[in-house]
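One structure below.
Computed from the coordinates by the stated procedures, all read-outs in this text should not be read as laboratory data. Keep in mind the model is a prediction, meaning the values are calculated, not measured. Neighbour counts run over all protein chains shown; Cβ positions are idealised from the backbone, glycine included.
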Ligand SMILES: [Zn+2]
């Protein structure tokens, strides 16, 4: 297994195989590439661009894909994925970061939800395709992924998929088999401010591992922007969910934090909690326990 971080600041953390820098998270802010870190880019989820160009928002019969639309689970504003300006803007950033950094991870490279996008351009493209709605949307996602792949030359491409292994195609346009032809790795974000019941996360990890035809990572939430240690999961819950997910056969685990300092504080808590590391023996997640042991030399 490989282990990584997922950070909002361009400073890597120690004790991992790789660090991802969220150069453009869904807030839409854009940082500078760090050659020591893999680069994550949120593509069509982009609050900043949506504020500048509200006319680029993805639309549906139940309203636009702004965060304020409570009919859908929208945690950020989602732009129409057939908009040529949005595509080119993101492809250029992807190409630049692929040149300067060790690899690319893309997020929100898909439709906002099942009802999107019914803008005149999307409806016209759908009609011309001769496909049914679900297949046209999946083809649109794949065509964009193919364009991304052309810009990520000789470097690994990580493709994030929202954690729905059953309805991913209907909701977001994921055709997992077709996506596997372009992705080197899949990443399934499993973000939560609490992990009191690892059983559910383990179930989702096992389901994805059984269907994805490329190696797959999961991503757990340690401490994102705007959080305190009181508003996120206690370190024991994250230790447990990581150990239990590891036994499903997944290929790697990523840990999200705003910055390396929060990762380091999390590592220190893990290293010091010998009692809980002992408790987690026997679950079949030994590679995670070995990672925790390796962190001892950091302190
Ligand atoms: Zn559209």
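Could you please find all residues in the stretch 136-154 being surrounded by fewer than 19 Cβ atoms within 10 Å (Cβ to Cβ), within 15 Å of the ligand (Cβ to nearest atom) and within 20 Å of the chain's Cα centre (by Cα)?
143
Of all residues in the stretch 83-108, which are under 21 Å from residue 55 (Cβ atoms) and either in contact with a helix residue (DSSP H, G or I) (Cβ under 8 Å, 6 or more places away or on another chain) or outside any helix (DSSP H, G or I) (or both)?
Hits for the stretch 83-108 are 83, 85, 86, 87, 89, 91, 108.
Please give the number of the condition residue 64 fails out of (1) touching a strand residue (DSSP E or B) at 6+ places or on another chain (Cβ under 7 Å); (2) away from the ligand (no atom under 16 Å from the Cβ).
Going through the list (1) touching a strand residue (DSSP E or B) at 6+ places or on another chain (Cβ under 7 Å); (2) away from the ligand (no atom under 16 Å from the Cβ), residue 64 breaks only (2).
When residues of the stretch 1-38 are filtered for being under 19 Å from residue 188 (Cβ atoms), in contact with a helix residue (DSSP H, G or I) (Cβ under 7 Å, 6 or more places away or on another chain) and not in a loop (DSSP other than H, G, I, E, B), how many remain?
3
Here is a list: 175, 184. Which entry is under 27 Å from residue 20 (Cβ atoms), more than 14 Å from the ligand (Cβ to nearest atom) and in contact with a helix residue (DSSP H, G or I) (Cβ under 6 Å, 6 or more places away or on another chain)?
175
In the stretch 105-135, what count of residues is obtained for those that are within 14 Å of the ligand (Cβ to nearest atom) and buried (at least 24 other Cβ atoms within 10 Å of the Cβ)?
Residues flagged as within 14 Å of the ligand (Cβ to nearest atom) and buried (at least 24 other Cβ atoms within 10 Å of the Cβ) within the stretch 105-135 amount to 5.
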